[in-house]
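Here's the structure we're looking at; comments come further down.
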Amino acid sequence: MRVEFYGLHFETSQVTFYLWSPWRAAALEHRLFEAVRTLAHAAPEEGPDELRVTITDAKIWRAGLQAFARVLKGWQEEADPGTERRAWRWLIEGDVDTDGYDHAGEPAGLWGFIRVSLDRGGPGEPEKGEDIDLEGFGLRIAGMGRAR
């Protein structure tokens with residue numbers, strides 16, 4: 001399937017969404033994972049210390065990106081007006097060795113994580129900014145691997 005990720009285009013067999021350590025994950029991470037799970041109409045697969053949903057349909061992928069944006073925009077709107085400003089961004093990273101496999105022996109792929117930013121402070125107060133990586137939620141765009 002061909003997926004578009006904010007202007008980047010990938011040919012992939014699947015995209016997998018993860019919720020790591022569900023009992024410790026933040027409510028925002030649960031809301032993001034639930035948005036994808038609902039769209040995929042699938043029960044999450046359970047792994048050791050994680051839940052995952054795999055998507056193999058480009059239409060569901062596009063709908064998933066829209067669902068993420070809605071959840072995160074809603075989170076932004078929950079901020080206290082005048083004293084708090086919220087923002088978010090995707091962090092993309094890769095993990096690959098010289099043979100094209102990641103640390104777990106899987107074909108190389110790209111990982112996406114979300115970082116949220118909180119800026120607090122009212123008029124006359126110094127601003128206090130904080131970046132938080134949502135370490136309980138992520139996605140993996142699988143690479144088109146080759147057999148060993």
Restricting segment 114-128 to residues that are open to solvent by less than 50 Å² (accessible area, probe 1.4 Å) and part of a strand (DSSP E or B), the residue that is farthest from residue 32 (Cα to Cα): 119
In segment 129-148, residue nearest to residue 78 (Cα to Cα) [restricted to those that are small (Gly, Ala, Ser), surrounded by 14 or more Cβ atoms within 10 Å (Cβ to Cβ) and modelled with pLDDT of 85 or more]: 136
Residues (open to solvent by less than 60 Å² (accessible area, probe 1.4 Å) and over 12 Å from residue 64 (Cβ atoms)) located in segment 1-12: 1, 7, 10, 12
Selection count where residues are closer than 15 Å to residue 90 by Cβ, touching a strand residue (DSSP E or B) at 6+ places or on another chain (Cβ under 8 Å) and of a type in the set (Gly, Ala, Ser), scope segment 50-80: 1
Qualifying residue in segment 4-15 (condition: touching a residue at least 60 places away in the same chain (Cβ under 8 Å), farther than 16 Å from residue 114 by Cβ and among the hydroxyl-bearing types (Ser, Thr, Tyr)): yes
Some residue of segment 97-109 being closer than 28 Å to residue 44 by Cβ and among the β-branched types (Val, Ile, Thr): no
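The values are calculated or read from the model by the stated rules, or taken from the named source; none is laboratory data. Please read these numbers as outputs of a predicted model, since none were measured by experiment. Methodologically, a virtual Cβ is constructed for each residue, glycine included, from the backbone with ideal geometry; neighbour enumeration extends over all protein chains shown. For accessibility, only protein heavy atoms count, side chains too; no ligands or nucleic acids. Shrake-Rupley method; radii C 1.70, N 1.55, O 1.52, S 1.80 Å.
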